[in-house]
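The values are calculated or read from the model by the stated rules, or taken from the named source; none is laboratory data. The structure presented is a predicted model; accordingly, all values stated were derived computationally and were not measured. Reconstructed Cβ throughout: ideal geometry from the backbone, glycine too, with neighbour counts over all protein chains shown. These accessible areas exclude ligands, DNA and RNA; they are computed on the full protein's heavy atoms, side chains included. Shrake-Rupley method; radii C 1.70, N 1.55, O 1.52, S 1.80 Å.
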Amino acid sequence: MRTRIIGTGSCLPEMVVTNDDLSKIMDTSDEWISSRTGIRERRLVKEETTAAMSVTAAERAMKNAGVSPQEIDLIIVGTITGDYVTPSTACEVQAAIGADKAVAFDVNAACSGFMFALHIADAYLKTGIYRTALILGAETLSKIMDWNDRSTCVLFGDGAGAAVVRSDETGLLAYDQGSDGTRGKVLTCQNRKNNNPFVKNPIAFSYTQMDGQEVYKFAVTTVPASIRKVVEAAGLTIEDIDYFALHQANIRIIQSVAKRLKAPEEKFPTSLDHCGNISAASVPILLDEINRKGLLKPGMKIVLSGFGGGLTWGSAVLEW
Ligand code: COA
């Protein structure tokens, strides 16, 4: 049996912030942002929370799958921006949708969070422990951005994406996953406030910091290698793949991956222009967008790939 995605859903916050809006409050321009990243606008939360967007995305995915909350055995949310340290976002989703018998927990693998959640769910389903899982990527990155740092805050957005997975005859064909903690400092967001009176210099919270060029180099080398590996493990060639749904970090990364794989850019759908980078939520939101457009047909071969903080990466080949 294989783990199959049987439904997708997503939720974006209402507020649209364009590059021009940003250029009114900081020294940047639409030209700089769009030419270097492909991002034209992003959605940012006002009242919405990570959990609330996750619940909406989950309900849409369950509706799309034709699955009721009582059928969900497992809920995993990939996130680095849950509303609370505890309870987890997954437990909040469980309560809100009434998935009484589901086991629920979060995974911190930054932009690879949804891919790690998919792989964990696959392991549970393959061993027969659970039959149906709800996996999500959900972020309110606007909470952890330094809005005085134009080199990072213009890149990111908020949102949630979800998928229902179930054991079936086809689905996940192969998986590749990796971590390299030795390079973790190129993309960081340090701890939360600490007022422990017994410690002289308690660690204070600091916003997201990134060495953009190092992250770029990591992405354009690791991602094509991971995709090649997983496609080969599935017994397929790059030409056999119908769509490559990659983490939406930067259009130049996506173009470089396409070039290195010698695959046409038309096979790389994007949501970057209207979403920006939503970390763990990027892949499931993109997947839901192409699913809702009716682009995914049974039998198609799809590559999903996420990469980012940790450093972490994960790629999968699915038969739709
Ligand atoms: N608007 C205008 N100018 C900006 C700017 C902004 N928002 N952000 C930075 N700049 C300036 C810099 O200050 C620098 O100016 P200087 O030359 O006078 O010092 C100049 O633009 C070039 O900055 P640099 O950081 O070298 O740009 P870059 O070409 O490397 O592009 C990124 C920056 C972030 C777009 C690019 O490195 C990137 O996409 N990296 C990958 C990041 C990523 O995807 N991270 C998430 C992975 S999950």
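Some notes on this structure:
- In this simple spin-label model, placing a label point 7 Å from the Cα along the Cα-to-Cβ direction at both ALA95 and ASP211 gives a separation of 4.1 nm.
- For LYS63, the lysines whose Cα comes closer than 23 Å to its Cα, not counting residues fewer than 8 places off in the same chain, are LYS101, LYS293, LYS297.
- Put ASP149, ASP20 in order of accessible area, highest first, and with a 1.4 Å probe you get ASP20, ASP149.
- At the residue level, ARG40 shows approximately 130 square angstrom of accessible surface with a 1.4 angstrom probe and all protein chains present.
- Largest to smallest accessible area among SER29, SER279 [probe 1.4 Å]: SER29, SER279
- Magnitude of the charge dipole, the range 195-301, Cβ model with Lys/Arg +1 and Asp/Glu -1, debye to 20: 160
- Sulfur and carbon atoms: percent of accessible area, the range 183-320 [1.4 Å]: 51
- Using only side-chain charges placed at the Cβ, +1 for Lys and Arg and -1 for Asp and Glu, the dipole size of the chain relative to its Cα centre rounds to 540 debye.
- Nitroxide proxy distance, nm - points 7 Å out along Cα→Cβ at ARG36 and ASP180: 2.3
- Size descriptors for the chain, from the alpha-carbon set: Rg then Dmax equal 18.7, 60 Å.
- About the centre of its Cα atoms, the range 142-221 shows a dipole size close to 520 debye [charges on the beta carbon of Lys, Arg (+1) and Asp, Glu (-1) only; nearest 20 debye].
- For ALA102, the shell of other residues with beta-carbons less than 15 Å away shows a net charge of -3, using +1 for Lys and Arg and -1 for Asp and Glu.
- Each pair of Cα atoms in the range 76-124 enters the Kirkwood radius, and Stokes-Einstein at 37 °C and 0.692 mPa s then converts it into a translational diffusion coefficient of 298 µm²/s.
- Ranked by the mean number of other Cβ atoms within 10 Å of their residues, highest first, the peptides 76-82, 256-262 fall in the order 76-82, 256-262.
- Accessible area per residue, Å², the range 228-320 with all protein chains present, probe 1.4 Å: 36
- With at most 15 neighbouring Cβ atoms within 10 Å, loop GluC sites (Glu not before Pro) (DSSP) excluded, longest segment of the chain: 170-320
- Radius of gyration and Dmax over the Cα atoms of the range 60-194, both given in Å: 16.2, 51
- Accessible area per residue (1.4 Å probe, heavy atoms of protein chains only) ranks MET15, MET300, MET115 as MET15, MET300, MET115, with the largest value leading.
- Seen from all directions on average, the range 22-114 presents a Cα convex hull projection of 7.9 nm².
- Within the chain, the whole DSSP H helices whose Cα atoms reach 18 Å or more along their own axis and whose mean Kyte-Doolittle score is at least 0.5 are 113-126.
- Whole-number accessible area per residue in Å² for the range 53-199, which is evaluated in the context of all protein chains at 1.4 Å: 43
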